Amino acid sequence: GLSEKWYQFEESIRVPLVIQDPRMPMELHGTTSDAWTLNIDLAPTMLGAAKVAPSSFMQGRDIANLYLHADVTSWRKDFFYEYNRGDPVTAEGHVGKFWIDASFALITDEWKYVYWPQHDYEQLFHRSVDPYDEWDMLNASMIQTTDDIYLKMKTRYEFLKDWVLSGKRV
């Protein structure tokens with residue numbers, strides 16, 4: 001029921017990535033990783049293999065350390081997701097409301113915060129408990145409070161959204 005790979009739901013963001021690199025140690029051949037790699041990482045990775053520095057405007061990272069050294073200690077722990085063809089903050093002018101709505105999200109291993117700007121609607125999913133985003137914790141009755149997690153996710157979301165808009169590399 002999802003339209004292609006537009007949304008931040010698991011069935012949409014999970015895409016297999018297979019890497020064949022002659023630099024990879026034999027003991028790492030055939031291994032898998034759950035580290036967050038994004039499409040923005042592909043160009044810096046290919047440039048790194050060619051020993052060319054990525055441009056300063058590129059947001060992605062060379063993922064070679066994940067498969068050359070199996071080093072995930074300094075790898076991203078979250079990522080900002082965006083599908084928007086309108087205003088960068090409000091999504092005003094985004095074509096596709098009620099078809100493929102604009103959406104923003106902060107995704108971590110444990111949580112997923114989603115904001116639908118055209119509807120001013122927020123969602124929060126507990127990923128380890130609800131791996132397919134079926135139970136929206138902000139919009140359902142609950143016994144346990146989600147205020148602390150919601151505020152933490154919202155603050156990190158706003159930081160990453162501002163960072164994306166500024167065009168700076170971190």
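The values are calculated or read from the model by the stated rules, or taken from the named source; none is laboratory data. Not measured: the values here are computed from a predicted model. Reconstructed Cβ throughout: ideal geometry from the backbone, glycine too, with neighbour counts over all protein chains shown. When the accessible area is computed, the model is the full protein with side chains, heavy atoms only, and any ligands, DNA or RNA have been set aside. Shrake-Rupley method; radii C 1.70, N 1.55, O 1.52, S 1.80 Å.
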Exercise. Can you tell me which residues in the stretch 84-105 are open to solvent by less than 40 Å² (accessible area, probe 1.4 Å) and of a type outside the set (F, W, Y)?
Worked result: N84, G86, A91, H94, G96, I100, D101, A102, S103, A105
Problem set entry | Extreme residue, surrounded by the fewest Cβ atoms within 10 Å (Cβ to Cβ), among residues of the stretch 106-127 that are of a type in the set (S, T, Y) and within 16 Å of the chain's Cα centre (by Cα) | T108
For this session: Out of the residues in the stretch 56-91 that are aromatic (F, W, Y) and touching a strand residue (DSSP E or B) at 6+ places or on another chain (Cβ under 7 Å), state the one that is farthest from K154 (Cα to Cα).
Result: Y83
Problem set entry | Filtered residues of the stretch 128-157 (kept if open to solvent by less than 70 Å² (accessible area, probe 1.4 Å) and in contact (Cβ under 8 Å) with a residue 12 or more places away in the chain) | P131, D133, D136, M137, L138, T146, I149, Y150, M153, K154, Y157
For this session: Return a yes/no flag: does the stretch 72-80 have any residue that is buried (at least 18 other Cβ atoms within 10 Å of the Cβ) and aliphatic (A, V, I, L, M).
Result: no
Exercise. Within the set of pairs 6+ apart or on separate chains, which have a first residue in the stretch 101-123 that is without any contact (Cβ under 8 Å) to a residue 60 or more places away in the chain and farther than 16 Å from E158 by Cβ, a second that is surrounded by 16 or more Cβ atoms within 10 Å (Cβ to Cβ) and polar (S, T, N, Q), and C-beta atoms under 8 Å apart?
Worked result: D101/Q118; A102/N84; A102/Q118
Seminar exercise, completed: Conditions (1) touching a residue at least 60 places away in the same chain (Cβ under 8 Å); (2) closer than 22 Å to Q123 by Cβ -> G86 fails only (1)
